[in-house]
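Contents: one structure, followed by commentary.
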Amino acid sequence: MGAGIAQIAAVAGHTVQLMDNRPQAAVEAVRNIRAQITKLADKGKLSPERAAQASANLVAVQHLSDLAGASLVVEAIVENLQAKQALYAELEGIVSDDCIFGTNTSSISVTAIGAALKRPQRLAGLHFFNPAPVMALVEIVSGLATDPAVADTLFATATAWGKTAVHAKSTPGFIVNRVARPYYGEALRLLAEGAADCATIDAVMRDAGGFRMGPFELMDMIGHDVNYAVTCSVWNAFYNDPRFAPSLVQKELLDAGFLGKKSGRGFFDYREDARKPAPHTETPRAVPTGITLCGDSSATQALAERLAKAEIAFNHTPSVDGRIAQLHRAALFITDGRSATQRASDTGFANTVLVDLALDYRVATRLAVATAAQCADDAADAAIALLQAAGLQISRFADIPGLAVMRTVAMLANEASDAVNQGVCSVQAADAAMRLGVNYPQGPLAWADAIGLPAIRTVLTNLGTSYGEDRYRLSPLLQRLVFSKKQFHG
């Protein structure tokens, strides 16, 4: 990470001194960064002149005292509070009073790091994401003592370096590592409750939700030692708030030494000759007749477009109870956070089939569905056949409240809303951070606006009722916006 930050600054035109406490590590880093810069020039991404200047900007030094003339010192050392405090305390006796300190910590309180300094106002978080030269986001994190002018200078600097900077307050996880917890947490709950297997949940999150990676393959890539540690850190820092509770499923992997790709095993097997399991997909049914689409929701409109393209006949009628389609004895509804069995009981309609959320129902290639325990087999088959006729692969889940994409997006939006409500960041910063820091297909608050805040509120309320847990409590900001009939954006 340190080498990546050094590359960014050197390419931007700054003289960059690299220092490492391991012998020759800085010299090796300079050599490697120059090789990367040469590759960029060879690909035409940097002019030869700019590449030569960037390489000349890199200087390896051996001692902290060599940094006396620096105007900005960025550390990317071990994630240990005492180590970071000791480094900056020593630097205070070397650099000038107006030198800015930028810590690249991903999880340690900037306020706590600054508490050991004589001039804590000069310290702020400058949190890059890995790989730093590629990832666009930088979180500018202000501790309690951080001078706003220092944060603004770092914001302007990161922007000048070609990054998208966002301001954040020093709270556990900052923006990204806090708001992202439900992406892992809800998937782990689905797995623990037997909703579906890892490959199927991942496929639904990619093919319906539009996420670049499913939660289980992503955790395997990150490493369960790292991912679990971050979850525990945020959970402990929030005094064991159930929203951030770690999973026993992941703890078992950690205890077994199944850390993911780097150890050869995680949720998936990466050893030689191992085959990644395929997602469960319902076998094809015959093209049904007697299809009726209901209402004018985005899901209904998408089904109409897809069926028309496939030259499959259908009727259209208003929706009186929220159903999006019906045929024979089955009715299809978008999940609202209740199980299909509860919804069937509440409405008295036994043949209830629930459909998961999709980022865009027009282009989704897979959907998750769940059927009520009261639902007849032929009704379930008819509903699946309808969706297959529209060109969708169908993964049938156990009847778990909220299915996969809907409950995850609702929880991501709720957590982002709480971060905004608590003054951690702005609405715009929350959405930008999640799009650019972890490549979400849409900012969670913009996504909530698109779904409709009343619908998000209903999903969370029903999840809370189903589980009887404070985990699904609603963000006060989200509730206020629902009551005032406003949105996060506009």
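The values are calculated or read from the model by the stated rules, or taken from the named source; none is laboratory data. Owing to the predicted nature of the structure, the values given are computational and were not obtained by experimental measurement. Backbone-built Cβ (ideal geometry, glycine too); neighbour counts: all protein chains shown.
Here are the numbers:
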quantity: Matching residues in the stretch 150-159 - criterion: being more than 24 Å from the chain's Cα centre (by Cα) and exposed (fewer than 14 other Cβ atoms within 10 Å of the Cβ); calculated: A156
quantity: Conditions (1) under 11 Å from Y184 (Cβ atoms); (2) in contact with a helix residue (DSSP H, G or I) (Cβ under 6 Å, 6 or more places away or on another chain); number of the one not met by R243; calculated: (1)
quantity: Residues that are assigned to a helix (DSSP H, G or I), in contact with a Leu (Cβ under 9 Å, 6 or more places away or on another chain) and surrounded by fewer than 24 Cβ atoms within 10 Å (Cβ to Cβ), drawn from the stretch 199-212; calculated: D207
quantity: S298 over 30 Å from V230 (Cα atoms), touching a residue at least 40 places away in the same chain (Cβ under 8 Å) and within 25 Å of the chain's Cα centre (by Cα); calculated: yes
quantity: Of all residues in the stretch 391-446 being crowded, with 23+ Cβ neighbours inside 10 Å and of a type in the set (S, T, N, Q), the one that is farthest from N462 (Cα to Cα); calculated: S395
quantity: Failed criterion for T171 (all others in (1) in a helix (DSSP H, G or I); (2) more than 16 Å from the chain's Cα centre (by Cα); (3) surrounded by fewer than 24 Cβ atoms within 10 Å (Cβ to Cβ) hold); calculated: (1)
quantity: Options V74, V78; residue that is of a type in the set (V, I, T), at negative phi and surrounded by 12 or more Cβ atoms within 10 Å (Cβ to Cβ); calculated: V74
quantity: Breaking point among (1) closer than 26 Å to A370 by Cβ; (2) touching a helix residue (DSSP H, G or I) at 6+ places or on another chain (Cβ under 6 Å); (3) not aromatic (F, W, Y), for L254; calculated: (1)
quantity: The stretch 213-237, subset in contact with a helix residue (DSSP H, G or I) (Cβ under 6 Å, 6 or more places away or on another chain) and part of a loop (DSSP other than H, G, I, E, B), residue surrounded by the fewest Cβ atoms within 10 Å (Cβ to Cβ); calculated: G223
quantity: When residues of the stretch 1-39 are limited to those that are among the small types (G, A, S) and in contact with a helix residue (DSSP H, G or I) (Cβ under 8 Å, 6 or more places away or on another chain), the one farthest from S55 (Cα to Cα); calculated: G2
quantity: Single match in S71, S96, S107 (criterion: of a type outside the set (A, V, I, L, M) and within 20 Å of A433 (Cβ to Cβ)); calculated: S107
quantity: Which numbered condition R366 misses (of (1) of a type in the set (K, R); (2) surrounded by fewer than 17 Cβ atoms within 10 Å (Cβ to Cβ); (3) modelled with pLDDT of 95 or more); calculated: (2)
quantity: Count of residues meeting criterion [surrounded by fewer than 20 Cβ atoms within 10 Å (Cβ to Cβ) and not in a loop (DSSP other than H, G, I, E, B)] in the stretch 131-149; calculated: 2
quantity: Residue among I140, I94, I108 that alone is touching a strand residue (DSSP E or B) at 6+ places or on another chain (Cβ under 8 Å), free of Cβ contacts under 8 Å to residues at least 60 places away in the same chain and not assigned by TED's automatic domain parsing to the domain that holds I222; calculated: I140
quantity: Condition broken by A390, with the remaining ones in (1) touching a strand residue (DSSP E or B) at 6+ places or on another chain (Cβ under 9 Å); (2) at pLDDT 95 or above; (3) not charged (D, E, K, R) satisfied; calculated: (1)
quantity: Selected residue (only one of A455, A429, A448, A433 is touching a His at 6+ places or on another chain (Cβ under 8 Å) and assigned to a helix (DSSP H, G or I)); calculated: A429
quantity: Residue among T281, T292, T317 that alone is in contact (Cβ under 8 Å) with a residue 24 or more places away in the chain, loosely packed, with under 14 Cβ neighbours inside 10 Å and within 24 Å of A376 (Cβ to Cβ); calculated: T317
quantity: Enumeration of residues in the stretch 1-36 that are surrounded by 16 or more Cβ atoms within 10 Å (Cβ to Cβ) and within 16 Å of H63 (Cα to Cα); calculated: V16, Q17, L18, M19, D20, A26, A29, V30
quantity: Matching residues in the stretch 306-355 - criterion: being of a type in the set (V, I, T) and touching a helix residue (DSSP H, G or I) at 6+ places or on another chain (Cβ under 9 Å); calculated: I312, I324, I334, T335, T352, V353, V355
quantity: Any hit, the stretch 413-423, residues being small (G, A, S), out of contact with any Phe, Trp or Tyr (no Cβ under 8 Å at 6 or more places or on another chain), closer than 18 Å to E139 by Cα and in a helix (DSSP H, G or I); calculated: yes
